[in-house]
Amino acid sequence: MNNNRNIVHMDLDTFFVSCERLLDSRLEGKPVLIGGTSDRGVVASCSYEARSFGIHSAMPMRMAKQLCPEAIILRGNSGIYSKFSHMVTDVIKESVPLYEKTSVDEFYIDLTGMDQFFGCHKLASELRARIMKETGLPISFGLSLNKTVSKIATGEAKPNNQIHILHGTEKPFLSPLSVSKIPMVGKVTYRQLCDLGIKRIRTIQEMPIEMMSRVFGKNGQVIWKKANGIDNSPVVQYTERKSISTERTFDRDTTDVKKLESIIIAMAENLIYQLRRGNKLTACVTFKIRYSDFQTYTQQKRIPYSSADHKILPVVMEIYKKLYQRRMLVRLVGVRFSHLVEGGQQIDLFDDHEKIINLYQAMDKMRERYGDRAVIKAAGMGAKSISRWNPFNGEPPPLLANRRQ
């Protein structure tokens, strides 16, 4: 294990609320809720002032209103948040050699070796100051020898502050904290730990690793290591080209518009499902079409971060309609989503009420159980097979994805 690593975790504080406050200073200091504004809506994000009333994200909006009747409720605008997210990414990209963007508002930065020149804490502090100055957004960071400790430190630093955990002090820093602070300890695991009387990280640190394995299996070992400040996972260079794609070649070139559109919808829908399954959002949609004379055309369009059918499908169809020349025989069509980040449904909660969220979850559950084509749009039924492939598990796509039909 490299004890000389210096890893920074940076997180924009209540990111969506901070963006809204930049656009309207009257929201400063007030309880703000962002999400679906109808009674069936869900809270996607809330300010610290709203949290003091017991409000948290993913709570039904009507319950949040009961807890804090004076809260200001905003619909949310993923286009604006995507723009600010790109601004922050640009500042980081210019300033450091190696960074990983894990969601729209969260970054890991590897400053290992930089301490010989500048001092990593000074470098991270200057970067934080530059982000705040250039974007106007509050941001917090934790600096330590690995990702886990730095992420937990950021949580302790918030709001709008920074913490440096000196090498060798990881265990004492972690020990008094709640086990719920360990990344990967969700609600279910937290309840299980509490049932065993394990509330503080110190208790896990004092247990033998074998005991955690017996109770929680392989996950138990990972939790034990994180509780002891052990984490060797690298910062993976973020590239905006990170993408998933699928394409279909026809064995007989076609001008059958209905068939063409049906296949494009089925391909795009399946790819969007793969995004959700991998807990990813995309910010760039590309469509590709090749004619029988092998002339190939592609066009891409930037979109607000999303993993929702009703946001992405219209964009795919819009590009297709721009590129498609009728009367020409089509040989191949392809769809690609790039500029991927972690982030699941959160950013799609602004204007989707529970109904749509529940619909996606129900559809995805059926696909998990009965296969990717178990639930599809009627318009996509003309396509015969779309691959069952998880692009986020490192396996190459099966031939089925490009099967001639």
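The values are calculated or read from the model by the stated rules, or taken from the named source; none is laboratory data. The structure displayed is predicted, hence computed values, not measured ones. Quick reminder, even Gly has a Cβ in these numbers, built from the backbone with ideal geometry, and neighbours come from all protein chains shown.
Of note:
- Single match in Thr89, Thr37 (criterion: surrounded by fewer than 18 Cβ atoms within 10 Å (Cβ to Cβ) and β-branched (Val, Ile, Thr)): Thr37
- Near pairs, Cβ below 7 angstrom, 6+ apart or cross-chain, from the range 89-106 (of a type in the set (S, T, N, Q)) to any residue that is surrounded by 18 or more Cβ atoms within 10 Å (Cβ to Cβ): Thr89/Lys101; Ser95/Leu127; Thr102/Tyr108; Thr102/Val341; Ser103/Val341; Ser103/Gly343
- Each residue in the range 152-167 was checked for being in a helix (DSSP H, G or I) and either farther than 18 Å from Ser85 by Cβ or without any contact (Cβ under 8 Å) to a residue 24 or more places away in the chain (or both), and 5 pass.
- Pro159 meets the conditions (1) modelled with pLDDT under 95; (2) buried (at least 18 other Cβ atoms within 10 Å of the Cβ); (3) not assigned by TED's automatic domain parsing to the domain that holds Gly41 in every case but one. The failed one is (2).
- Checking each residue of the range 286-295 against the condition of being in contact with an Asp or Glu (Cβ under 7 Å, 6 or more places away or on another chain) and farther than 28 Å from Phe84 by Cα gives at least one match.
- Figure legend. Inter-residue proximity from the range 111-138: first residues surrounded by fewer than 13 Cβ atoms within 10 Å (Cβ to Cβ), second residues not in a helix (DSSP H, G or I), beta-carbon distance below 6 Å, spacing 6+ or different chains. No pairs are indicated.
- Residues that are buried (at least 21 other Cβ atoms within 10 Å of the Cβ) and under 18 Å from Thr246 (Cβ atoms) were ranked within the range 282-305; the one that is farthest from the chain's Cα centre (by Cα) is Ile289.
Yes/no per residue for (1) of a type in the set (Gly, Ala, Ser); (2) surrounded by 15 or more Cβ atoms within 10 Å (Cβ to Cβ); (3) in contact (Cβ under 8 Å) with a residue 24 or more places away in the chain; (4) outside any helix (DSSP H, G or I):
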{"site": "Trp224", "(1), (2), (3), (4)": "no, yes, no, no"}
{"site": "Ser233", "(1), (2), (3), (4)": "yes, no, yes, yes"}
{"site": "Val236", "(1), (2), (3), (4)": "no, no, yes, yes"}
{"site": "Lys242", "(1), (2), (3), (4)": "no, yes, yes, yes"}
{"site": "Ser245", "(1), (2), (3), (4)": "yes, yes, yes, yes"}
{"site": "Phe250", "(1), (2), (3), (4)": "no, yes, yes, yes"}
{"site": "Asp253", "(1), (2), (3), (4)": "no, yes, yes, yes"}
{"site": "Ile264", "(1), (2), (3), (4)": "no, yes, yes, no"}
{"site": "Met267", "(1), (2), (3), (4)": "no, yes, yes, no"}
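- Test: Arg75 is at pLDDT below 90 and surrounded by fewer than 23 Cβ atoms within 10 Å (Cβ to Cβ): yes
- Residues that are closer than 22 Å to Lys147 by Cβ, out of contact with any Leu (no Cβ under 8 Å at 6 or more places or on another chain) and in contact (Cβ under 8 Å) with a residue 40 or more places away in the chain do occur in the range 183-193, at least one of them.
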